[in-house]
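K.L.:
Submitted below is the structure of interest, expressed as structure tokens.
The values are calculated or read from the model by the stated rules, or taken from the named source; none is laboratory data. Because the structure is a prediction, the values reported are computed rather than measured. As a convention, Cβ positions derive from the backbone with ideal geometry for all residues, glycine included, and neighbour counts pool all protein chains shown. Note: accessible area is taken over every heavy atom of the protein model, side chains too, but ligands, DNA and RNA are not part of it. Shrake-Rupley method; radii C 1.70, N 1.55, O 1.52, S 1.80 Å.
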Amino acid sequence: MAGYRPGESMPLENTPVPPRPRLTESGILRLPGKLGEILIRKKLLRPDQLAHALEVQKSTGGLIGRVLRDLGLIDDKALATSLSEALGLELIDLNKMGTMNADAVRTIPEHIAKRHQVVGVRFQDPPPGSREASKLVVAMADPSDYMALDSVRSSTGLDPIPAVATRTQVLDALQGAYGDRPMSLEQAVGELKDFGVETTVEETGENDAGRLRKEAGLAPVVRFVNSILYEAARMRASDIHIEPQEHDLRVRFRIDGDLRAVAPPPKSLHAAIISRIKIISALDIAERRLPQDGRLLLRFLGRSIDVRVSTMPTVYGEKIVMRLLDQSATELDLGVLGFDEQTVKDMRRLIHSPHGIVLLCGPTGCGKSTTLYSFMREVNTLDVNLVTVEDPVEYKMAGVNQTHVKSKIGLSFANVLRTILRQDPDIVMVGEIRDLETLEVSVRASLTGHLVFSSLHTNTAVSSVTRMVNMGLQPYLIASTLLAALSQRLVRKNCVECLAREVPKPALRETLERYFARPVDFAVAKGKGCNTCGHTGYRGRIAVSELFEPNDALREMISRNEPERAIEHKAHEYGMHSLLDSAFAKLHAGVTSVDEVLSLGFMKEDDDAARLRLSRRAASTPVVEVIEEDTDERVVEGEVLDFDAIPPAQ
């Protein structure tokens with residue numbers, strides 16, 4: 001909870017409170033406007049999406065706002081803003097310094113606050129002639145919960161005045177105000193170093209699973225594994241790497257695309273730590289010679305985080321990588337992913353086409369899956385049969401029929417796709433086109449009146465045409481089925497809390513002008529580093545993109561199998577903006593920095609560009625791994641670690 005320390009009083013904010021709605025006789029807030037109408041008016045929701053949510057609400061029950069959020073149709077921020085307007089209540093940002101008064105927070109008993117997810121914010125001015133406040137402003141994600149308001153009234157003796165905050169902020173505030181403070185990662189590592197037991201792979205026999213299981217259950221080892229998962233979730237890391245080296249053990253988090261080292265445990269407890277992770281991931285602790293894949297579930301501040309666990313033997317012992325898939329942290333909305341306004345309009349038009357193929361292009365980790373899921377969120381309505389084949393299913397979406405491929409039993413992309421075409425689909429999403437067979441079935445689907453979304457590993461949008469030809473597809477089929485190809489990359493966003501602008505020096509300006517082939521006559525921005533961004537200067541990532549939408553002339557060129565460079569040149573003549581154009585716009589707007597733009601590597605390498613591109617990575621040693629992809633391993637289900645119920649320190 002930003003800005004709050006237990007036992008510390010905070011200044012009150014003189015923020016005017018909007019007129020409050022009246023209560024009905026039953027205590028339920030009366031809405032002056034309907035939530036759905038407000039969301040539609042703000043263009044945060046379409047009428048068909050609202051109709052779909054209302055149908056779901058009939059079968060599942062619950063509040064419409066919660067149903068909309070659970071379906072992924074709106075995010076917490078949009079819900080809170082619209083609820084505030086619909087109810088005429090104050091919208092409170094609990095992350096803002098000085099928002100909450102410490103005494104007001106502690107006024108509500110812990111069990112009441114946690115049960116109803118309500119946080120005391122400030123006391124209302126006392127009535128004339130009285131020295132004590134009679135009203136308490138409380139922040140809630142659901143301010144229409146009259147039972148929560150009654151509980152606050154009876155437990156505090158104060159009249160609660162509801163205000164709206166996002167669910168994530170409320171849960172975060174509750175954790176900060178009442179939660180047992182977990183053992184920090186540094187404390188957990190210190191405890192391990194003081195621990196007497198040493199277990200290494202070399203000392204452990206091939207069949208000594210019992211000893212490994214016993215030492216994996218030791219309290220310091222359990223606390224360390226819990227702490228590392230807790231810290232990764234708190235810092236919104238996407239991956240955790242635990243890597244044995246010759247003389248030590250390295251632990252790194254991937255945050256906003258970059259790996260950051262954290263406090264490492266002693267190498268002597270490597271085997272116990274790996275075994276503990278295997279146990280909670282339902283893996284075989286005795287098998288250290290072959291890779292294994294498992295999963296577990298974290299519950300953290302009301303969020304369910306799916307953790308995919310992968311082990312791999314190395315020369316110094318087993319390495320583990322844990323990927324954290326937090327759907328609540330990923331906004332599946334085309335409007336907030338960083339695409340420019342025109343690209344968003346074009347994509348929304350394309351994904352509502354009756355048939356054809358829309359491709360997402362780019363290297364691994366460029367956000368293709370997020371954009372694909374955003375496509376599905378846009379078209380997921382009650383009158384559409386949306387079917388997917390994925391490897392793996394990263395996010396489960398209500399109303400979507402999702403299938404996970406299992407190559408080991410013959411359930412490949414192509415085989416599933418053939419079955420899908422017999423399931424009366426309207427829209428098909430293929431996670432990735434890896435071979436000619438899958439490509440041919442996808443093309444056949446589009447030719448028979450289906451809309452297909454998929455991805456290809458290519459560097460540019462136009463090169464997707466070359467890739468499909470090289471895979472063996474006839475050019476005339478590409479020309480007749482390809483609606484568009486969107487290529488994208490991710491760059492880190494400057495932290496807005498420590499953002500500073502400066503005019504580039506002559507040498508840097510010259511390099512940038514060669515890079516962009518246009519004048520750079522503006523001040524560039526970069527974060528200086530602060531507590532908010534972990535002293536990196538960056539917080540979050542945003543997409544740079546190019547959209548290739550072939551017209552009749554370009555389709556003729558594709559049919560004639562003309563060179564990629566000629567097609568790309570003609571596409572730019574027709575108005576296509578390149579990845580470089582998108583990166584320049586982000587730099588000019590101050591959204592990202594020079595280092596991030598140069599790291600995309602769009603220009604031919606020279607000494608200046610190479611030095612600038614690698615400057616932010618100079619302090620780290622790259623790790624090169626040769627990987628042969630194998631999707632045949634069975635992923636097993638592990639435990640659920642509920643940090644909301646049991647703090648990681650316990």
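K.L.:
Whose amide H sits under 5 Å from the amide H of T388, counting only residues 5 or more places off or on another chain, with H placed in the peptide plane?
P.N.:
N401, Q402, T403, M429
K.L.:
Shape of the range 401-552 from its Cα gyration tensor (a ≥ b ≥ c, root eigenvalues): rounded if a/c is under 1.5, otherwise prolate when a/b > b/c, or oblate?
P.N.:
Taking the square roots of the gyration eigenvalues as a ≥ b ≥ c, the range 401-552 is prolate.
K.L.:
So, one more: Taking the mean number of other Cβ atoms within 10 Å as a proxy for protection, how do you rank 166-177, 557-568 from highest to lowest?
P.N.:
Packing proxy ranking, top to bottom: 166-177, 557-568.
K.L.:
What is the spin-label model distance, in nm, from L54 to A261 if the labels are put 7 Å beyond Cα along the C-beta direction?
P.N.:
For L54 paired with A261, the spin-label model returns 5.9 nm.
K.L.:
With labels modelled as points extended 7 Å from the Cα through the Cβ direction, what inter-label distance (nm, one decimal) is found for V496 paired with D284?
P.N.:
5.1
K.L.:
Under the rule a/c < 1.5 gives rounded, and otherwise a/b versus b/c splits prolate from oblate, where does the range 501-550 land using the Cα gyration tensor?
P.N.:
Cα axes put the range 501-550 in the oblate bin.
K.L.:
Compare the peptides 314-320, 157-163, 385-391 by average per-residue count of other Cβ atoms within 10 angstrom and give them in order, highest first.
P.N.:
With the highest mean Cβ count within 10 Å placed first, the list reads 385-391, 157-163, 314-320.
K.L.:
Going by a ≥ b ≥ c, the root eigenvalues of the Cα gyration tensor, does the range 356-409 fall in the rounded group (a/c under 1.5), the prolate group (a/b larger than b/c) or the oblate group?
P.N.:
Oblate shape, in that a/c is at least 1.5 and b/c is the bigger or equal ratio.
K.L.:
Counting only protein heavy atoms, what percent of the accessible surface of the range 245-348 is carbon or sulfur at a 1.4 Å probe?
P.N.:
Exposed carbon and sulfur together represent 49 percent of the surface.
K.L.:
Calculate, for the range 200-359, the solvent-accessible area per residue in square angstrom, rolling a 1.4 angstrom probe over the heavy atoms of the protein chains.
P.N.:
41
K.L.:
Same structure, new question: Which ³J(HN,Hα) values in Hz, rounded to whole numbers, follow from the phi angles of the range 361-377 under the Karplus curve 6.51 cos²θ - 1.76 cosθ + 1.60, where θ = phi - 60° and Gly and Pro get x?
P.N.:
Coupling constants for the range 361-377: 10, x, x, 4, x, 9, x, 4, 4, 4, 5, 4, 5, 5, 4, 5, 4 Hz.
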